[in-house]
Structures are given as structure tokens and as C-alpha cells.
Amino acid sequence: MKDSLLNYEKIISAAALAKQYHVVFQGTDDVPYNGKTISLNGRELKNFGNCDYMGLQHDPRIKTAAMEALEKYGLMLCNSRAYTYNPLHDVLDEKLEKIMGYPTVATRCTSYGSLSAIPMLVGANDVIIADYNVHSSVQMAAALAMAQGTKMIKLEHNDMTQLEEKIIELQEKHDKIWYFFDSVYSMMGDHAPFDDINELLNRYEQFHAYCDDAWGISWTGQNGRGLALKEGVLHPKMIIVGSLTKGFGAGGGGYMTFHNEIHRNLIRDLGGLQIFSAPLTNPNLAAAIACADIHLNDEIYQLQDDFTSRLQTFRDTAISLGIPMSNDKLSPINYILIGNAEATMYITEKVKRAGFYINIAVYPLVSNRMSGMRILVTNYLSHEDIKQLLYVIAESMQEAFVKFDMPAQKQNIKQVLV
Ligand SMILES: Cc1ncc(COP(=O)(O)O)c(C=O)c1O
């Protein structure tokens, strides 16, 4: 109890400082959104905090589908889904299944998928090994399993040696050993070591995996089926939860993909939040179907190329400026490690003054020494926007490293000549 009070004190003071720098809790101005810019306090900023990375949400086909469904059905069929549901649910599930290549069900959001599935699929005598950085929604769902008696331990981030040691240590005492992880980690954008995880799944019969692919969808794989399914094969002992809110462009919703129909049907028909919480709204279902059609069309490959070429521009420019990229792979989340929370806020605020909106990542989102800027590239932004942002960041980092007495970091950043 004492510890948790202390943590809250730390969180409150971090939030207060971030508020002072005007880099959190900012209501946007009441102006139309376009994906590319965001308006804060009367100033239009290039939006590098937008999760809609493929640039789909403003596609007229998706908006029209949502508006037509609103007109036809109203906002929501307010019946319990276990009794009756809008037929668009079946259409969406079928299309998602075509994209993923395996039995799939749509959920109201990613978190609801995990909260519905994990307590049902994980047994009291199973054990969960959760990657230290796995998304909070998965950890919350794991807590529900723990309430039923399942044991959970945390694993150093992406440490496959430790994971194998744990599997060996735990296999005598437990039925199944689950590894909970993200495909793309949502703060720093680094990827899971899929080859190693698949090898462990092959080697140890009791070993199972639960993957949150919220940030893998759309930009990778055939029909944008995501990073976890990039190679097109789902290991029979792996379950995937993902998001329709981010790259997919539906502005809400999630999905779960299983190797077999039995598990999919179980979660679809009996998963907790699937049946006792609200269904997806009708406009949201129609928007998701329109997004699925774009994924099932060759158009998705052009969008993937547009997006990855922007990520490459980001990476190449950052490296040429001596800006440290904390990730060696292309990722929708670009992380610039600063290592000092206040310096991070200072840079973010400077960047904002120069006309760019980016996100901070400080305690409790990451540990203090991992403080940094989290930058989301989207197809709404041009290659030139990306370069301009990075020039401003490099300049602001130079200033911050002097102000906050960080000479070692300053050395790496190149003088920007623009
Ligand atoms: C990796 C990851 N999983 C799950 C979620 C939660 O998504 P949802 O809002 O669909 O519940 C997020 C949210 O950003 C996320 O980044």
C-alpha cells in the first residue's frame, strides 16, 4: 500500500511538470480534423501523434459507409449481443477472416478482446510469463486470470534466454506456460523476436503465446494482416489480438485471430465483454467493413509502400543528423531516447512552438532513464514534413543538452544547416 501511494505521488508530480510544459492533457480546438494537422490554442501543428498511420480514416468511402449505416440503423442496436446482433457483425468477421487467413472475430476494442479471451483461455493451473513491456490492456486481462488463481511472472523485455529458462523451470508444476507479448511495443516501437518465439513454441509442448499485434496491422503482410502474420502462418499455439483503431482506419474496434474455430467461436459467443458489454456501434461496423474492403484490394500495397518509404525517410534523416534511433527496425512508432524527463518535455515544447505536434514518453509510461519522444509518422505527412520535423528536433536537442547539462548526448547531434 505504501509503495503504491509513493508511485502515485511520482506519477502526479511527473504529470504536473508535463502540464507546465503544455505537452499533455491538451484539448484540441473545435475545428474539423484532416489527419495531417491538429489545432491547439489557435495554432495549426503538423500532427506527428496520430495513430491512423495508413491515412485511411479520412477516406471518403469509409466516412460514407459510416454515415449510411448511421442513417439506416441509428447509432447502435441496443440489444444484448448474445441474443441479437446487427448483421454487419457477420460481414465484418468474414472479411477479417479473409484478411487474416484464420478464424477471426471483431471485438469492441483491443482491450475488450484481451479481457474477454484471457480469463477464458488461461487455466488456474497455467502460468503466465508477461514481457515487462507488454501493453497494459494485456496486463489487466492477466490480472483477471490471476484472480482465478493463475500465477503470473514478469520477464525482462524480449529476453528469450530467460524465457527458455523459465519454461524449463515451470513445466513440471503447470499445465500450460503462456508468454504474453506485443508484436510492436507501443512506447518504443521495437519488435518482438518472432523467430525465437516460434522456435520455443515448436520445442516445448506446454508453451503457448498470446500476441498483441495492435501496431502490426495494415502496414505489413499480405492484405495488411499484420506483423504477427507477416509470413502468413499462425502457430497453432499462438493467439493474436489486434486493433482496428490505428492503421486499419476504422476509428474503433479490435479483433482476435485463432488457429481454430473452436476457440474463435468460444470467445465470439461466450467471451465476457463480447456478451455483457456494448457491441460495436453501427457506423463503426460499417466503417470497419469499408476498411476491410480496402485491405482486400491491391490498393493496400500502395499504401504500405507509401508508409514504409516515409518511415525510411524518417530513419535516414534521423541517422544523418546524429539523432539516436532506439530501434533498428522500421516501425510505426519512432522513438528518440533522451534519458531525462524534463529535457524531453523541453524539446517537445520547443518542437511544438516550431509547428509540430509529437508525444512525450516519460514515467510512468517508461522508466525515467528511458524518457524520450514518441513520434508517429503517417501517410498524411509528406517526406518534407518529416525532414523539417527532424531538423527542428536536432536543433532543440542541442539546446536541451546544454540547458540540462548533458554534454555526452550533445556531442552526437550534428549542427543543422537549414
Ligand atoms: C499495443 C496496444 N494494445 C492495446 C491497446 C488498446 O487498444 P484499444 O483502445 O483498442 O483497446 C493499445 C492502445 O493504444 C496498444 O497500443
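Readers should treat all values here as calculations from the given coordinates under stated rules, not as data from a laboratory. Owing to the predicted nature of the structure, the values given are computational and were not obtained by experimental measurement. Ideal geometry is used to build each Cβ from the backbone, glycine not excepted, and the neighbour counts take in all protein chains shown.
A full extension of the chain between Leu75 and Met146 corresponds to an added length of 22.0 nm, given 0.36 nm per residue minus the alpha carbon distance.
Normalised by the number of residues in the range 112-240, the average gap of Cα pairs under 8 Å and 6 or more apart makes the relative contact order 22 percent.
Is the shape of the range 173-260 rounded, prolate or oblate, going by the alpha carbon gyration tensor and its root eigenvalues a ≥ b ≥ c, with a/c under 1.5 for rounded and a/b larger than b/c for prolate? Note, shape of the range 173-260 comes out prolate.
Between the amide H of Met152 and those of Ile128, distances stay under 5 Å, these residues lying 5 or more places away or on another chain, with hydrogens modeled in the peptide plane.
Residues whose amide H lies under 5 Å from that of Asn359, counting only those 5 or more places away or on a different chain, are Arg374, Leu376; hydrogens are built 1.01 Å from N in the peptide plane. If you average the C-alpha positions of the range 273-330 and of the range 214-253 separately, how far apart do those two centres end up, in angstrom? For the range 273-330 versus the range 214-253, the Cα centre distance is 10 Å. Compared with the direct C-alpha span, the chain from Lys403 to Ala124 gains 95.1 nm at full extension, assuming 0.36 nm per residue.
Taking label positions 7 Å along the Cα-Cβ direction at both Asn7 and Gln26, the computed distance is 2.9 nm, reported to one decimal. In the elastic network of the chain, a GNM with C-alpha springs shorter than 10 Å, the most mobile of Ile11, Ile118, Ile375 is Ile11.
The charge dipole of the chain, taken about its Cα centre with unit charges on the Cβ atoms of Lys, Arg (+1), Asp and Glu (-1) only, comes to about 940 debye.
What the phi angles of the range 134-150 give under the Karplus curve with 6.51, -1.76 and 1.60, with θ = phi - 60°, is a coupling list of 4, 4, 4, 5, 6, 5, 5, 5, 5, 5, 5, 5, 4, 5, 8, x, 6 Hz, glycine and proline written as x. Length available on full extension from Arg43 to Lys414: 0.36 nm per residue minus the Cα-Cα distance, which gives 130.7 nm. 3J(HN,Hα) along the range 270-281, derived from phi through the Karplus expression 6.51 cos²θ - 1.76 cosθ + 1.60 where θ = phi - 60°, amounts to 10, x, x, 6, 5, 10, 10, 10, 5, x, 4, 6 Hz, with x in place of Gly and Pro. Panel order for His295, His383, by other beta carbons found within 10 Å of each beta carbon, from fewest to most: His383, His295. Loop-located trypsin sites (Lys or Arg not before Pro) in the range 126-214 (DSSP state other than H, G, I, E, B) with a sparse environment of at most 11 neighbouring Cβ atoms within 10 Å: Lys173. To check you understand DSSP bridge types, tell me what percent of the beta bridges within the chain (both residues inside) are antiparallel, rounded to 5. So the antiparallel bridges amount to about 50 percent of the total.
3J(HN,Hα) along the range 102-113, derived from phi through the Karplus expression 6.51 cos²θ - 1.76 cosθ + 1.60 where θ = phi - 60°, amounts to 9, x, 9, 9, 7, 10, 5, 7, 4, 4, 5, x Hz, with x in place of Gly and Pro.
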